[in-house]
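Here, each number is a calculation from the coordinates, and none is a lab measurement. This structure is a prediction, so every number in the text was calculated from the model and none was measured. Cβ atoms come from the backbone with ideal geometry, glycine included; neighbour counts cover every protein chain shown.
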Amino acid sequence: MADISPIKSVRVDALVALRIVKHATGVYPTTVYGALLGMEVDGVLQITNAFPFPTSAEGDDSGSSALTPKNKGVMWYQNEMIKCLREVNIDANNVGWYQSTTLGNFINTNFVENQAHYQSQMNERTVALVYDTMRSAQGGMALRAYRLTSQFITAYRENKFTLDALTKHNLTYKDILQELPLTMYNSHLATSLLHQLSIPLQPPSIIPASASSLSNPPTSPQPNFPLNVNFNALDLTIDPILEKSCDLLLESIDAHNTEANNLAYYSRALAREQAKIATWQTKRKAENAVRAAQKLAPLPEDDWTKIFKLPQEPSRLDGLLVSRQIKQYAKQVDGFTATSSAKLFALNGGIPRF
């Protein structure tokens with residue numbers, strides 16, 4: 001099998017970004033999904049088109065009416081749309097999917113299953129675009145591109161996330177997702193239009209009332225441009241987005257503690273069973289020593305597999321995803337606290353007080 005060139009960066013058409021924004025904000029806070037079309041050129045994945053996935057009137061188990069990309073109905077709809085786009089000579093190469101989120105709350109089993117479906121079955125050179133609706137409402141375009149790492153895909157195909165499997169693949173929570181550099185661009189036609197829209201309008205020329213006014217033109221008053229003062233920058237209240245991010249961070253920490261408790265319970269149960277097995281084996285060896293002295297056939301020493309049953313090791317996948325989600329929230333909180341820390345530092349006269 002020939003080596004496939006890795007994707008180094010992602011380039012998104014501005015029109016595609018606007019379609020994603022319109023789709024996500026139109027039904028906020030419901031999570032939406034859609035398909036991405038384009039092509040890969042020299043390691044740069046160029047996304048030139050996108051279309052939303054259909055919704056279900058009944059909704060899924062989580063109460064959302066959005067259908068996930070791995071749904072059979074969505075797959076049929078996606079294939080039909082690509083077939084129609086190909087007939088009208090529009091880019092019809094599937095290069096991934098997109099979804100909306102709120103404050104980075106997207107790292108879960110559903111996201112991993114969808115992206116693994118694309119990278120394993122649809123096309124290896126695919127990405128997932130994640131659009132954060134709430135963060136974008138505060139200014140800026142919160143659009144990120146992610147891929148699953150090759151070592152995680154290998155472990156996911158084996159469907160084993162035990163301690164031995166994680167050690168074998170050298171897999172930690174940091175190795176689940178890979179964020180790719182993302183840039184947006186406009187076509188030459190759109191760029192020309194934007195340049196025309198940015199040209200300021202010329203003031204209308206004043207026709208002189210008489211010939212004498214030409215030598216003594218009236219002095220027009222200088223335009224008074226008021227100073228644009230924004231007092232919101234001096235507001236010391238905590239950003240509500242920061243509060244929500246901290247709440248989500250605490251919820252993820254509780255989920256991580258739950259996974260840790262489940263692992264500790266498994267360790268204790270395994271230790272108890274191993275102690276019972278060791279006791280049984282010691283007793284069986286003593287019995288065989290007595291039977292050997294009596295010149296009798298020894299009893300089998302591997303019958304413990306029929307008597308005792310070791311507990312099954314729980315999957316570490318949920319723990320890995322929760323740890324990766326905690327990292328995502330911590331990164332967001334670190335970015336949000338930069339502004340608040342600067343305000344408090346200025347309020348204290350440049351001397352931090354803790």
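If the cut-off is a Cα-Cα distance under 16 Å, which aspartates and glutamates reach K343, setting aside same-chain residues fewer than 8 apart in sequence?
Cross-link targets: D235, D239, D334.
Can you list residues whose amide H is under 5 Å from V27's amide H, if they're 5+ apart or on another chain and H is modeled 1.01 Å from N?
none
In terms of modelled amide H atoms, which long-range or inter-chain residues lie less than 5 Å from the amide H of N49?
L37
List the relative contact order of region 9-188 as a percent without decimals, with contacts defined as Cα pairs under 8 Å and 6+ residues apart.
Relative contact order, region 9-188: 24 percent.
Please work out the Cα center distance from region 95-173 to region 267-311, rounded to the nearest Å.
46 Å
Once you have the Cα-Cα distance between I307 and N159, take 0.36 nm times their residue separation minus that, and quote the gain in nm to one decimal.
My answer for the length gained is 50.4 nm.
Which shape class applies to region 240-347: rounded if a/c is under 1.5, otherwise prolate when a/b exceeds b/c and oblate if not, where a ≥ b ≥ c are the square roots of the Cα gyration tensor eigenvalues?
prolate
Between F51 and E124, what length comes free when the chain is fully extended (0.36 nm per residue of separation minus the Cα-Cα distance, one decimal in nm)?
Between F51 and E124, full extension yields an extra 24.3 nm.
Anything over 23 Å Cα to Cα? Flag those among K8/K70; K244/K327; K22/K174; K283/K309; K160/K331; K72/K244, in the order listed.
Pairs exceeding the cut-off: K8/K70; K22/K174; K160/K331; K72/K244.
Give me E313, E40, E158 sorted ascending by neighbouring Cβ count inside 10 Å, so fewest comes first.
With the fewest neighbours first, E313, E40, E158 line up as E158, E313, E40.
Sorting V290, V32 on the 10 Å Cβ count, fewest up front, what's the list?
So the ranking, lowest neighbour count to highest, is V290, V32.
With θ taken as phi - 60° and the coefficients 6.51, -1.76 and 1.60, list the Karplus ³J(HN,Hα) couplings across region 16-25 in order, rounded to whole Hz; mark glycine and proline as x.
Working through the residues one at a time gives 5, 4, 5, 5, 5, 4, 5, 5, 6, 6 Hz.
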